[in-house]
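Written below as structure tokens is the structure these notes are about.
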Amino acid sequence: MTRARAGALLALVLLVALYVSQIGGWVLQDPDEGRYAEIPREMIERDDWVTPKLFHVDYFEKPPLLYWLTAASFETFGQTEAAARVTPAVSGIVTVLLTFLLGLRLLGPRAAWLGAGMLATMPLFFALSQALLIDMLLTACMTATLLGVYGAHRAESKRGWALLVGVSVALGMLAKGLVAIILPGAIALAFLLWRRDFPTVRALLDWRVILVFLAVTVPWFVLVSRRNPGFLEFFFVREHFHRFAGNAGVRVGHPEGPLYYVPVVLLGPAPWTLVALVLAATQAGRRAFAAIPAEARAFCLLWFGIVVLFFSAASSKLGSYVLPAMPPLALLLGAWFDRALEERQLATLVVRTLRVGFAAMGTLFALVALLAWPLHGRLAAWLQQDVGDVILIAGATASVALCLLATALASRGLRWQERGRPVAAVGLFIAGMAVILACATQGRAVTKTARALAVEINAHHQPGDVIVSYKRLMQSLAFYTRERIVQYDAYGEIKGGALTAPDHDAWFWNDPAPLEEAWASRRVFVATDMRWVPELRELLDPEPRILVQDHRRVVLVNFPASAHGSIEAHAPAPEAGEPGT
């Protein structure tokens, strides 16, 4: 094995270790992770992989690819948090590798290595690879699509690359819908028309490519439409066009202004974007950017710009939506740094900026950690968090501070001024960022979840018990209890399906009568926010007892239970067909 191959293999092993080693052992966060774990769990439970359901209600907001892959992971590894996050973690690894392969074709080996390393250590990119969300899967599909587009553009024989585009677009369509066609299509069309590459346009629209796309996507859409007649109108018209435009009558979450993504694309990929701003402030730095080959620069800028502008125009915005813009940004930064490091003055500017930035952030994080330790009790009360959570975050902050300072000191001792060493110095900072991200994951929030409530419910639950979610849709509660939950005025995104569900009266309550009846006749767990406890104490007789609580959520019960989970009272079992059977 050559030295280069050994280095590549080591880099791959470290990448996999970074992205996979910590996906388990921490709770699923509500609402998104709880939702995207519960839907595949119900697929397995119902043995129905066609119609996605959340709380046993049809859920058509997203296509099924993430659910299928997560369900397959559950079947393979068990229904655990780690298994739930296998798909985004692997998607992140695949995206980094695809970005590297594209960088080789666009920019050459050194820029490809720098770009892939920067992408892998962007805080936004890494964080989303550790969370059960759709965006990383979509990003992997889009990166494969645009690798295929550029590969077809450069190749004499275009069919293989075009077929890759057909498959990846189809998988993207099954991951998040029409956006997987619209965005890569606009990028590819703009780039190919600019290059006047009409043969590649014809190759991408070849009947075989279209047939592959249809063969992958059409079967599920046909099956789900036959089983659910209103699906096509809901999915394509309401969930795509109406939601994008924010039409009246369509629920749109997270409305933000047109400049919402400016701080996201500046801070999410930091520190690399911050160094780019320093380079852009100098004439020599701008000259280095202009030295990037025009074709590669245009391809990446079109990719990055179209994604950011598209989501900036949408009525609903989240930071994760622009994740598909990170691979081209990483390649641009890798190419820019590659050119800058050729000039001694710019190389000094890059390394010193990174060193000063790491040292300054390390000092700031160290001060925060030092203040948090003696004040953790007051901070917990002020932030309405558990003391243990504050201590955990303070410990992670201290670890990050040490890594930042250690990386800055190590770069100072490195003799990077010698020929070829500036790239090694930037590589040191990339490695330092990888360690920093691994340390930062230890401070992940643990309170925005229902797991602590579910653990106590599971310790006391008996056949026939009723679990009610009162005025709070807790997506992870069903996943952790493995039980169907009665929703009391806690419909949220499932409201439309819940109100028309054939078993609405049994599982979806909106008046106190069924709750009062169940409370008086059988054992009931009520999971809710702390703010609803006074209301429930007035409503329910006998008076509710608190089984478990955190700062924001609580479980109330109508039976005595010891701290060890032994049950001291039993209530009549429910009749067949009612909650708890």
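Could you tell me whether the stretch 132-142 includes any residue that is farther than 23 Å from PHE221 by Cα, out of contact with any strand residue (DSSP E or B) (no Cβ under 7 Å at 6 or more places or on another chain) and assigned to a helix (DSSP H, G or I)? The answer is no; no qualifying residue exists. Taking the conditions (1) among the charged types (D, E, K, R); (2) within 16 Å of LEU302 (Cβ to Cβ); (3) out of contact with any helix residue (DSSP H, G or I) (no Cβ under 9 Å at 6 or more places or on another chain) in turn, ARG202 satisfies each one other than (2). Taking SER129, is it among the small types (Gly, Ala, Ser), buried (at least 22 other Cβ atoms within 10 Å of the Cβ) and at negative phi? Taking the combined requirement at face value, the residue satisfies it. Restricting attention to the stretch 32-72, the residues being of a type in the set (Lys, Arg), within 20 Å of TYR480 (Cβ to Cβ) and not in a helix (DSSP H, G or I) number 1.
For the stretch 143-167, what are the residues that are basic (Lys, Arg) and not in a helix (DSSP H, G or I)? LYS158, the sole residue that qualifies.
Residues are listed down the side, and each one gets a yes or a no for (1) of a type outside the set (Ser, Thr, Tyr); (2) buried (at least 16 other Cβ atoms within 10 Å of the Cβ); (3) under 19 Å from ALA188 (Cβ atoms):
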position: THR282; (1), (2), (3): no, no, no
position: ARG287; (1), (2), (3): yes, no, no
position: ILE292; (1), (2), (3): yes, yes, no
position: LEU301; (1), (2), (3): yes, no, yes
position: ARG344; (1), (2), (3): yes, no, no
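Among the residues of the stretch 164-208, the ones that are within 23 Å of TRP68 (Cβ to Cβ), crowded, with 18+ Cβ neighbours inside 10 Å and β-branched (Val, Ile, Thr) come to 4 in all. Which of the residues belonging to the stretch 287-337 are charged (D, E, K, R) and at pLDDT 95 or above? Residues satisfying the conditions are ARG287, GLU295, ARG297. Please verify whether the stretch 115-128 includes one or more residues that are polar (S, T, N, Q) and either in a helix (DSSP H, G or I) or without any contact (Cβ under 8 Å) to a residue 12 or more places away in the chain (or both). There is no residue in the stretch 115-128 that is polar (S, T, N, Q) and either in a helix (DSSP H, G or I) or without any contact (Cβ under 8 Å) to a residue 12 or more places away in the chain (or both). Taking the conditions exactly as written (under 26 Å from VAL264 (Cα atoms), in contact (Cβ under 8 Å) with a residue 12 or more places away in the chain and surrounded by 24 or more Cβ atoms within 10 Å (Cβ to Cβ)), does THR95 satisfy them or not? Criteria met by THR95. Checking the stated criteria, GLY464 turns out to be surrounded by fewer than 21 Cβ atoms within 10 Å (Cβ to Cβ), touching a Pro at 6+ places or on another chain (Cβ under 7 Å) and modelled with pLDDT under 95.
In the set (1) of a type in the set (A, V, I, L, M, F, W, C); (2) assigned to a loop (DSSP other than H, G, I, E, B); (3) surrounded by fewer than 16 Cβ atoms within 10 Å (Cβ to Cβ), LEU499 fails one condition alone, (2). Within the stretch 172-206, the set of residues being part of a loop (DSSP other than H, G, I, E, B) and of a type in the set (A, V, I, L, M, F, W, C) comprises LEU178, LEU205.
The residues in the stretch 73-95 that are closer than 20 Å to TYR480 by Cα and either aliphatic (A, V, I, L, M) or out of contact with any Leu (no Cβ under 7 Å at 6 or more places or on another chain) (or both) can be counted, and the count is 12.
When the residues of the stretch 1-12 are filtered to those that are outside any loop (DSSP other than H, G, I, E, B) and of a type in the set (A, V, I, L, M), which remaining residue is surrounded by the most Cβ atoms within 10 Å (Cβ to Cβ)? Only one residue fits best here, namely ALA11.
Selection of the stretch 451-476 for residues being in a loop (DSSP other than H, G, I, E, B) and either on the phi > 0 side of the Ramachandran plot or more than 19 Å from the chain's Cα centre (by Cα) (or both) yields HIS461, GLN462, PRO463, GLY464, ASP465, LYS471, ARG472, LEU473. Reported count of residues in the stretch 13-26, each being in a helix (DSSP H, G or I) and without any contact (Cβ under 8 Å) to a residue 60 or more places away in the chain, is 2.
Among the residues making up the stretch 73-96, those that are aliphatic (A, V, I, L, M) and under 14 Å from TRP26 (Cβ atoms) are ALA82, ALA83, ALA84, ALA89. The set of residues in the stretch 502-519 that are hydrophobic (A, V, I, L, M, F, W, C), part of a helix (DSSP H, G or I) and without any contact (Cβ under 8 Å) to a residue 24 or more places away in the chain contains only ALA513.
The values are calculated or read from the model by the stated rules, or taken from the named source; none is laboratory data. What you are looking at is a predicted structure, and each value in this text was computed from that prediction instead of being measured. Because the Cβ atoms are built from the backbone with ideal geometry, glycine has one as well, and the counts that use them run over all protein chains shown.
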